[in-house]
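Quick one: structure below, then a few questions.
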């Protein structure tokens with residue numbers, strides 16, 4: 001049996017387009033390239049990230065472990081402001097006084113310890129200024145039992161004297177029911 005095949009006008013148009021496209025039109029080379037895999041998030045690595053991670057460690061070690069209010073206050077800028085969802089807003093003198101009170105509580109063992117949540121920190125450049133740091137942190141008793149968790153944003157200014165914290169926003173404080181977190 002012989003079939004008479006008469007192509008429909010749309011089939012003819014498609015064939016004409018393929019012929020016009022040339023011999024490679026149906027080859028794998030003409031297929032669109034797959035989208036490249038996205039690179040690692042630049043806010044989680046690199047020199048700026050490393051600098052701010054180091055400063056975070058210095059600041060919070062002084063505040064929660066070595067109980068050094070003078071060191072904490074030296075890292076704060078002359079115009080530091082601190083905004084806390086539970087404690088409210090504080091400006092320069094009140095922020096510095098809070099550091100001194102924290103150091104006393106740290107020294108007598110009554111304050112909780114701070115642990116940066118692994119993988120939560122992101123650092124973004126702020127052109128002609130410094131960097132903004134966003135992270136989650138846990139607060140634990142000295143025996144390792146969790147007390148709370150919160151989010152934070154810190155604005156860091158790069159100065160000739162080094163990095164200085166100009167603004168702190170600490171928010172979303174709530175109980176932490178996770179397993180004990182340790183920083184050591």
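Laboratory data are not the source of any read-out in this text; all were calculated from the coordinates shown. What you see is a predicted model, and the numbers here were worked out from it, not measured in a lab. Every residue, glycine among them, receives a Cβ derived from its backbone with ideal geometry; neighbour counts consider all protein chains shown.
What is the Cα coordinate range of region 65-184 on the first, second and third principal axes, sorted by size from largest, in whole angstrom?
Sorted from largest, the Cα extents of region 65-184 read 41, 30, 28 Å.
Sticking with this structure for a sec: Have a look at region 43-92 and give its Rg and Dmax from the Cα atoms, expressed in angstrom.
12.8, 34
Report the FRET efficiency, 1/(1 + (r/R0)^6), for residue 96 and residue 41, where r is their Cβ-Cβ distance and R0 is 41 Å, rounded to 0.05.
0.75
If the viscosity is 1.306 mPa s and the temperature 10 °C, what translational diffusion coefficient in µm²/s does Stokes-Einstein give for region 87-145 when Rh comes from Kirkwood over Cα pairs? List each step's numbers first, then the result.
Working: Rh = 14.0 Å.
D, rounded to a whole number, is 113 µm²/s.
Give the whole-number value, in cubic angstrom per residue, of the convex hull volume spanned by the C-alpha atoms of region 115-164. List each step's numbers first, then the result.
Working: hull volume 4.0 nm³, N = 50.
Hull volume normalised by residue count: 81 Å³.
For labels at residue 124 and residue 169 in the simple 7 Å Cα→Cβ model, what's the distance in nm?
Each label point lies 7 Å from its Cα, and together they span 1.0 nm.
Taking all pairs of distinct Cα atoms, average 1/r, flip it, and tell me the Kirkwood hydrodynamic radius of region 135-180 in Å to one decimal place.
Numbers: mean 1/r = 0.0821 Å⁻¹.
Over region 135-180, the inverse of the mean reciprocal pair distance is 12.2 Å.
Here is a follow-up. Please report the antiparallel percentage of the DSSP beta bridges confined to region 43-174, to the nearest 5.
85 percent
Let me ask something else. Which of 152, 102 has the fewest other C-beta atoms within 10 Å, and how do the rest follow up to the most?
102, 152
Listing 75, 52 from the residue with the fewest other Cβ atoms within 10 Å to the one with the most, what is the order?
With the fewest neighbours first, 75, 52 line up as 75, 52.
Continuing with the same structure: For region 110-124 and region 67-85, what is the centre-to-centre distance using only Cα atoms, to the nearest Å?
Each part reduced to its Cα centre gives a spacing of 16 Å.
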